[in-house]
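S.K.: Structure in structure tokens, see below.
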Amino acid sequence: MSEHYPRYDALEMQRPAWQRRLRLYWKLIRADRPIGIYLLLWPALWALWFAGAGHPHWWVVLIFVAGTALMRSAGCAINDYADRNLDGHVARTAQRPLATGAIRPREALAVFAVLSLLAFGLVLFLNRLTILNSLVAVGLAAVYPFMKRYTHLPQLVLGMAFGWAVPMAFTALQGRIPALAWVLFAATVIWALIYDTMYAMVDREDDLKIGIKSTAILFGRADRLIIGLLQLLMLGLLWHAGQLADRGWAWDTGLLAGAGLFAWQQYLIRAREPAACFRAFLNNNLFGLVVFLGLFADYLLHPAS
């Protein structure tokens, strides 16, 4: 067997061919590693609860949850297509299906197209402005994977792609995009700069060898300082969002817990050790959760007038 193809164990080879194919697609869209879904979902839930004053329509929430899972999965497919000739040179990504040759590039494009169309089908149940905004979301998802070739700030484009669910949530529930939505959007973009820089710190040495650009490389030895400043800025924007929505102490408590998690992340990345940086990246899922719980509790305790 060529070295470009994965080595299946005996049990794997006993599976029907169609099952093996589906398992490869499952791996392609990183369904076994849902962290990306969570990082995309939390800002969407923050926005839905703000836009719905603590009581968003349940069917809109379901559409956004399903759409989040579909678009993150589509994003993984197009990302691996873009990086198919690079992933094999990076230790963390060398066994991805496209990098090994187990999946053909056109298959990844087909997966991206199908998942994007399914997500778009869900948006058709919402209003016209949200449908139009969804086209921006698809465009950002398609463009992001190629940015690391042209700019050291691909994480900024990722933040815009992940954050676009915020204005969409407001158009879905309010039919407009108020100032609060843009404050939340800005916070989400900065959050992506934070956690994806930590993620890029894991691959920094490999990326330098093959010419991939990232904020981890751009920031250099100032990475921890800049991440810390971005963390403070994000917390400030979230606090401001709470002020605009007249939120109370439970929201502030959630932000305080989030600040504690940011401090823990700083501790983890102190030596820039790849495994610890990856743990710091994963910890952002907990950050998103505690911020949402603070918002959820605040609306329960202090309903909007």
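Laboratory data are not the source of any read-out in this text; all were calculated from the coordinates shown. Just so it is clear, the structure is predicted and the values come from calculations on it, not from any experiment. We place every Cβ from the backbone using ideal geometry, glycine too, and count neighbours over all the protein chains shown.
S.K.: How far is helix 165-174 tilted off the main Cα axis of the chain, in degrees rounded to 10, range 0 to 90?
M.R.: 40
S.K.: Here is a further query. Which angle between 0 and 90 degrees, to the nearest 10, do you get for helix 35-51 versus the longest principal axis of the chain when only C-alpha atoms count?
M.R.: The answer is roughly 20 degrees.
S.K.: Within a Cβ distance under 13 Å of L225, other residues only, what is the Lys/Arg minus Asp/Glu net charge?
M.R.: For residues surrounding L225, the net value is +3.
S.K.: In addition: Using θ = phi - 60° and the Karplus curve 6.51 cos²θ - 1.76 cosθ + 1.60, what whole-Hz ³J(HN,Hα) does each residue of segment 250-261 get, with Gly and Pro shown as x?
M.R.: 5, 4, 5, 5, x, 5, 5, 4, x, 4, x, 5
S.K.: Among I177, C277, L256, whose Cα projects farthest towards the positive end of the dipole of the chain, with charges put on the beta-carbon of Lys, Arg (+1) and Asp, Glu (-1)?
M.R.: Checking the options against the dipole of the chain, the answer is C277.
S.K.: Calculated from DSSP H runs of 4 or more alone, at -39500 (n - 2.57) each and per residue, what is the 222 nm mean residue ellipticity of the chain, nearest 500?
M.R.: -24000 deg cm²/dmol
S.K.: Considering only F219, F292, F112, give the residue with the highest GNM mean-square fluctuation for the chain, with springs between Cα atoms whenever their separation is below 10 Å.
M.R.: F219
S.K.: Length gain on complete extension for the stretch W59 to D252, per 0.36 nm per residue less the alpha carbon to alpha carbon distance?
M.R.: Once the chain is fully extended between W59 and D252, it gains 66.7 nm.
S.K.: Tell me, what HN-Hα J-couplings in whole Hz come from the Karplus equation 6.51 cos²θ - 1.76 cosθ + 1.60 at θ = phi - 60° for each residue of segment 276-288, using x for Gly and Pro?
M.R.: After applying 6.51 cos²θ - 1.76 cosθ + 1.60, I find 5, 5, 5, 4, 5, 4, 4, 4, 5, 4, 5, 4, x Hz.
S.K.: Treating only the Cβ atoms of Lys and Arg (+1) and Asp and Glu (-1) as charged, compute the dipole magnitude of the chain about its Cα centre; round to the nearest 20 debye.
M.R.: That gives a dipole near 580 debye.
S.K.: How do K209, K148, K27 line up, fewest other C-beta atoms within 10 Å first?
M.R.: K209, K27, K148
S.K.: Can you find, among P56, I210, P43, the residue sitting farthest towards the positive end of the charge dipole of the chain, where Lys and Arg contribute +1 and Asp and Glu -1 at Cβ?
M.R.: Positive-end residue among those listed: I210.
S.K.: Near K148, which lysines are there with a Cα under 22 Å away, not counting those fewer than 8 places off in the same chain?
M.R.: Filter leaves K209, K213.
S.K.: Give me the dipole magnitude in Debye, nearest 20, for segment 161-282 about the Cα centre, with unit charges on the beta carbon: positive for Lys and Arg, negative for Asp and Glu.
M.R.: In debye, rounded to 20, segment 161-282 gives about 120.
S.K.: Compute the long axis of helix 179-202 from its Cα atoms, compare it with the longest principal axis of the Cα atoms of the chain, and write down the angle in degrees, 0 to 90, nearest 10.
M.R.: 30
S.K.: How high is the relative contact order of segment 40-147, in percent, with contacts defined as C-alpha pairs under 8 Å that are six or more residues apart?
M.R.: RCO, segment 40-147: 29 percent.
S.K.: Charges only on Cβ, +1 for Lys and Arg, -1 for Asp and Glu: so what's the dipole of segment 152-212 about the Cα centre, in debye to the nearest 20?
M.R.: That gives a dipole near 320 debye.
S.K.: Determine the shape class of segment 201-283: with a ≥ b ≥ c the square roots of the Cα gyration tensor eigenvalues, call it rounded for a/c under 1.5, and otherwise prolate if a/b is greater than b/c, oblate otherwise.
M.R.: prolate
S.K.: Okay, next question. May I ask you to sort L40, L45, L225 by Cβ crowding, counting other Cβ atoms within 10 Å and putting the fewest first?
M.R.: L225, L45, L40
S.K.: What is the packing order of peptides 152-163, 259-270, taking the mean over residues of other C-beta atoms within 10 Å and listing the highest first?
M.R.: So the order, starting with the most tightly packed, is 152-163, 259-270.
S.K.: What FRET efficiency comes out for Q19 versus K209 if R0 is 41 angstrom and r is the Cβ-Cβ distance? Round to the nearest 0.05.
M.R.: According to the calculation, E is roughly 0.65.
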